[in-house]
Protein chains: 2
Amino acid sequence: MNELLTPEELEVRFREIGRDRYHSNHPFHHLLHTGRLNKGQVQAWALNRYCYQSAIPRKDAALISRAMDRELRREWIHRIADHDGREADEGGIDRWLVLTTGLGLDRDYVISMEGALPATKFAVEAYVRFVRENTMLEAVASSLTELFAPTIHRERISGMLEHYEFITADVMKYFRRRLDQAPRDVAFALDYVKRHATTPERQLAAERALIFKCNVLWSQLDALYSAYVEPGRIPPGAFVPDKDV
Amino acid sequence: MNELLTPEELEVRFREIGRDRYHSNHPFHHLLHTGRLNKGQVQAWALNRYCYQSAIPRKDAALISRAMDRELRREWIHRIADHDGREADEGGIDRWLVLTTGLGLDRDYVISMEGALPATKFAVEAYVRFVRENTMLEAVASSLTELFAPTIHRERISGMLEHYEFITADVMKYFRRRLDQAPRDVAFALDYVKRHATTPERQLAAERALIFKCNVLWSQLDALYSAYVEPGRIPPGAFVPDKDV
C-alpha cells in the first residue's frame with residue numbers, strides 16, 4: 001500500500017475505486033434507471049441534485065483561487081462557464097432547470113433549495129470546502145469521478161427515456177452535453193494527478209480524495225433513498241411530492 | 001457617521017476615500033511619472049507589481065467561489081480571463097511581462113517572484129485573503145479602486161513615455177487595455193455595492209473595504225520607496241538593480 005505506483009498503476013487504482021464506490025452502484029440509481037420510481041421520487045432526485053449542480057462553479061472557482069499555476073487556471077476556467085453559462089450557451093445549471101421544469105417543479109422553488117434535504121446540502125458544501133482547504137493535488141483528484149460519469153449518463157439517458165412517459169429527450173439535454181464535456185475535462189485532470197502524485201503519500205492522498213468525492217455522491221443518494229423510498233421518512237421541511245402527480 | 005447615506009452620498013464618500021488615499025498620491029508615483037527614477041528603480045517597481053497582477057485572478061476566483069448568486073458569477077468571471085488570458089487574447093499578466101521584459105528583466109525571474117519585496121507579497125496575499133474571508137459586499141467594494149485607476153493609467157502612459165527613453169509605446173499596452181476594461185468592471189461593482197449597502201453598518205463596511213484596498217496598494221509603494229529610493233535599504237534577497245543599466 002505504501003509503495004510508489006507507476007502512473008498507469010495509479011490510474012488502475014482510481015478505476016478500482018470507481019468500480020467499487022461510484023454512485024452508479026447505488027440502489028437509488030438502479031431504481032431511477034429502470035423505471036421503478038414514480039414521478040414524485042424523480043422530482044425529489046432532480047431538485048436535490050440541483051444543489052450539487054449549482055455548487056460546482058463555486059467549487060471550481062475555489063480551485064482556481066488557490067492555483068499559483070496560470071496554465072492550470074487557464075485550463076480549468078471553462079468549467080465555471082460550462083455550468084454558469086456564457087452569452088451564447090445557457091450552461092449546465094440552466095439545462096438542469098430544464099429538467100426540473102419539465103418534471104413540473106417550480107423554477108424558483110428549485111433554485112431556492114428550500115425543499116432539498118439537509119444531508120444533500122451538507123454533502124455538497126463539504127465538497128466545496130474540501131477543494132478550498134486541501135492540497136491542489138487532492139482538489140484536482142476529487143474531480144476524477146468524471147472518469148466514470150459517461151457510463152452512468154448513457155444509462156440514464158436511455159433508461160429514463162425508455163421507462164418514464166414524463167421524460168422527453170429535450171429535458172435530458174444536460175446529460176447529453178456532459179457526454180462531450182466530461183471526457184475532455186477528465187483527461188486533463190487525470191494527467192495532472194498522474195504527473196503530481198510523485199510519492200506514495202501523494203498517491204494515497206489522491207486516492208483518498210477520489211474516495212471522498214465518491215462518498216459525497218453516494219451520501220446524496222442514501223439521503224434520497226431514506227427520505228423517498230425506504231423507509232420513506234421525509235425530514236421536516238423537505239420537499240413532499242404531490243400525491244396526484 | 002452612523003446614519004444611512006443615499007447611494008449617491010455613498011459614492012461621494014468612496015470618491016473622497018480615493019482622493020485622500022489612492023496610491024496616485026504616493027511620492028513613488030510622482031517620481032515614476034515625472035521621469036525621476038532610474039531604470040533600476042523602474043525595474044523594481046515593475047517586478048514587484050507583477051506579484052499584484054498575478055494574484056488578481058486568484059482574488060477574483062475567490063470572490064466567485066463564494067458567490068451564491070449566479071448572475072454575479074457570470075458578470076465577474078471575465079475578470080479572470082482578462083488577466084490570465086484566453087485563446088485569442090494574451091491577457092493582462094502577459095502584457096505585464098511585456099513591460100518587464102521590455103525593461104530588460106528576465107521573464108522567469110519575474111515570474112518566480114524571488115526578487116520581490118516580502119512586504120509586496122504580504123500585501124498582495126492579504127488582499128486575496130480579504131476577499132476570501134470577508135462578506136461578499138466587502139469583497140466587491142474592495143475592487144472599487146478601479147474608480148480611480150483610469151486617471152493614474154493615463155498619467156502613467158503619457159508621463160513614462162515622455163520621460164524615459166527605455167519605455168516604448170509597445171511595453172505600455174497593459175495600461176492602455178486597462179483604460180477600456182476598468183470602467184466597465186467598476187460600473188457593475190459600484191452598482192452592486194450601492195444596491196447592497198442598505199444599512200449604515202454595511203455602508204461603513206464597504207467604505208472600510210475600500211480603505212483596506214487603498215492600504216494594500218499604498219503599502220506596496222512604501223516598501224518600494226524604502227528599498228529603492230529613501231533610505232534605499234534593499235531587504236536581504238530582494239532584487240538588486242544592476243549598476244550599469
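crowded, with 18+ Cβ neighbours inside 10 Å, touching a residue at least 60 places away in the same chain (Cβ under 8 Å) and more than 14 Å from chain A (Cβ to nearest Cβ): which single residue out of B:Leu99, B:Leu63 fits that description?
Going through B:Leu99, B:Leu63 in turn, just one is crowded, with 18+ Cβ neighbours inside 10 Å, touching a residue at least 60 places away in the same chain (Cβ under 8 Å) and more than 14 Å from chain A (Cβ to nearest Cβ): B:Leu99.
Residues that are more than 29 Å from A:Ile211 (Cα to Cα): list the helices (runs of 4 or more DSSP H) wholly contained in the stretch A:58-128 that include at least 1 such residues.
So the answer is A:92-102, A:107-112.
If I ask for residues that are touching a Ser or Thr at 6+ places or on another chain (Cβ under 9 Å), among the charged types (D, E, K, R) and either over 15 Å from B:Asp84 (Cα atoms) or in contact (Cβ under 8 Å) with a residue 24 or more places away in the chain (or both), which ones from the stretch A:67-83 would you list?
A:Arg79
Of everything in the stretch B:39-60 that's under 23 Å from A:Val131 (Cβ atoms) and not polar (S, T, N, Q), which residue is farthest from the other protein chains (Cβ to nearest Cβ)?
Only one residue fits best here, namely B:Ile56.
Can you tell me which of (1) surrounded by 18 or more Cβ atoms within 10 Å (Cβ to Cβ); (2) of a type in the set (Phe, Trp, Tyr); (3) in contact (Cβ under 8 Å) with a residue 24 or more places away in the chain is the one B:Phe175 doesn't meet?
(3)
With the requirement that a residue be in contact (Cβ under 8 Å) with a residue 60 or more places away in the chain and over 15 Å from A:Ala123 (Cβ atoms), what does the stretch A:210-239 give you?
Residues satisfying the conditions are A:Leu210, A:Tyr228, A:Val229, A:Gly237, A:Phe239.
Identify all residues within the stretch B:84-95 that are aliphatic (A, V, I, L, M) and either crowded, with 20+ Cβ neighbours inside 10 Å or in contact (Cβ under 8 Å) with a residue 12 or more places away in the chain (or both); write none if there are none.
Once the filter is applied, which keeps residues that are aliphatic (A, V, I, L, M) and either crowded, with 20+ Cβ neighbours inside 10 Å or in contact (Cβ under 8 Å) with a residue 12 or more places away in the chain (or both), the stretch B:84-95 yields only B:Ile93.
Checking the conditions here, which among A:Val110, A:Val131 is surrounded by 22 or more Cβ atoms within 10 Å (Cβ to Cβ), touching a Leu at 6+ places or on another chain (Cβ under 6 Å) and within 12 Å of chain B (Cβ to nearest Cβ)?
A:Val131
Taking the condition within 14 Å of chain A (Cβ to nearest Cβ), among the polar types (S, T, N, Q) and in a helix (DSSP H, G or I), does B:Ser24 pass?
For B:Ser24, the condition - within 14 Å of chain A (Cβ to nearest Cβ), among the polar types (S, T, N, Q) and in a helix (DSSP H, G or I) - is not met.
Answer yes or no as to whether A:Ser219 is touching a Ser or Thr at 6+ places or on another chain (Cβ under 9 Å), modelled with pLDDT under 95 and in a helix (DSSP H, G or I).
Here the answer is yes, as A:Ser219 does meet what is asked.
Taking A:Ala81, is it among the small types (Gly, Ala, Ser), within 25 Å of B:Ser54 (Cα to Cα) and at pLDDT below 95?
When the stated conditions are applied, A:Ala81 passes them.
Taking the conditions exactly as written (surrounded by fewer than 22 Cβ atoms within 10 Å (Cβ to Cβ) and closer than 18 Å to B:Lys173 by Cα), does B:Gly104 satisfy them or not?
For B:Gly104, the condition - surrounded by fewer than 22 Cβ atoms within 10 Å (Cβ to Cβ) and closer than 18 Å to B:Lys173 by Cα - is met.
Any residue that is surrounded by fewer than 19 Cβ atoms within 10 Å (Cβ to Cβ), without any contact (Cβ under 8 Å) to a residue 60 or more places away in the chain and either within 23 Å of A:Glu71 (Cα to Cα) or within 14 Å of chain A (Cβ to nearest Cβ) (or both) - is there at least one of those in the stretch B:138-156?
no
Test of understanding: among B:Leu4, B:Leu37, B:Leu47, B:Leu32, which residue is assigned to a loop (DSSP other than H, G, I, E, B), of a type outside the set (Val, Ile, Thr), buried (at least 20 other Cβ atoms within 10 Å of the Cβ) and at negative phi?
B:Leu37
The values are calculated or read from the model by the stated rules, or taken from the named source; none is laboratory data. Keep in mind it's a predicted model, so treat the numbers as computed, not measured. As a convention, Cβ positions derive from the backbone with ideal geometry for all residues, glycine included, and neighbour counts pool all protein chains shown.
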